[in-house]
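First the structure, in the form of structure tokens, and then the observations on it.
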Amino acid sequence: MITTAAISDIRDQVNAWRIKGETVAFVPTMGNLHQGHITLVNRALKQADHVVVSIFVNPLQFGKNEDLGAYPRTLAADKQALVDAGAALLFTPTPETIYPKGLDKQTFIEVPEIGDELCGASRPGHFRGVATVVNKLFNIVQPDMAFFGNKDFQQLLVIKTMVADLSLPINIIGVETIREPSGLAMSSRNGYLTAEEKINAAALKQALDQMALSIQQGESIIEASQHATASLIEAGFTPDYLEVRNSSNLQPVNAEDKSLVIVAAAYLGKARLIDNLTFDR
């Protein structure tokens, strides 16, 4: 596996593959890789000749009081995991490489509406940072396709919308959420949980499962949400939001909507955990 922090190296290698008519898949990450990330690489290898992975903890998507400095960085272990998985190229840029003029002078991209609610409301500027860095990485790597986890449901829709709105020639592919045996969605932020909190964290997925079942059985969305919120508080969570939305556009549900998604974010100790569940009613 080639590892580089230089944009020119990425472009030279991708161009060499292109000349041979080979396809390129891209998996952008912030590192501290777990099985969820490796699943993205595995899926990408099934659909492309070469897989490029980036590791970049993007300061533009962190708020002033968020965990940028504490975000786990495990580059040596990440490299080995990617070698074992079969990635061809690892891009490890610095903030100075991605934002040479600094964050305050960086041209940015915003995805209106879909990026303004839920995590966008709780973390102002977050999806501006996500859309901007992903667009920059797309322009650097110029992949045929890019892979993202479904756990970050709103992020995936933000990126799909950006790609469609800006007519980018990239196929965006969502991959199923990989979970711990308890049902807890794998996340780099799970490392913030104590042993006891990690046991209690399984209640998040359980609450979503019960909420979906209750709605399918005829309970109102409001009542199901109230019961799920109460169960999370009982398990030690501080809920940020717990909502049912249209799964195609994250708009509030109307009477005709059949394909739904429950989206949730909740704090447990130092960790802010997110999860989602799509279902039909």
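Quick note: the coordinates plus some simple rules give every number you see, no bench work behind them. Everything numeric here is computed off the predicted structure, so don't read it as measured data. Note that each Cβ is placed from the backbone with ideal geometry, even for glycine, and that neighbours are counted across all protein chains shown.
Summary of computed values
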| read-out | value |
| --- | --- |
| Subset of K205/K270; K64/K205; K151/K258; K64/K136; K105/K151 violating a 26 Å alpha-carbon distance limit | K64/K205; K105/K151 |
| Relative contact order of the range 209-263, pairs being alpha-carbon contacts under 8 Å that are 6 or more residues apart, as % | 26 |
| Burial order of peptide ranges 259-268, 237-246 (average beta-carbon count within 10 Å, highest first) | 259-268, 237-246 |
| The range 2-175: relative contact order in percent, alpha carbon pairs under 8 Å with at least 6 residues between | 28 |
| For the range 110-217, alpha-carbon Rg over 2.2 N^0.38 Å | 1.25 |
| Kirkwood hydrodynamic radius over Cα pairs of the range 240-281, then Stokes diffusion coefficient at 25 °C and 0.890 mPa s, in µm²/s | 225 |
| Share, in percent, of DSSP beta bridges within the chain that are antiparallel, nearest 5 | 50 |
| Fraction in percent of alpha-carbon pairs per bin - 5 Å, the range 67-113 | 5, 15, 15, 17, 18, 16, 11, 4 |
| Long-range tail of P(r) for the chain (Cα pairs > 32 Å, %) | 25 |
| Loop trypsin sites (Lys or Arg not before Pro), the range 84-139, which have at most 14 other Cβ atoms in a 10 Å radius of their Cβ (DSSP) | K101 |
| Interatomic Cα distance distribution for the range 210-281, bins of 10 angstrom, percent | 20, 53, 24, 3 |
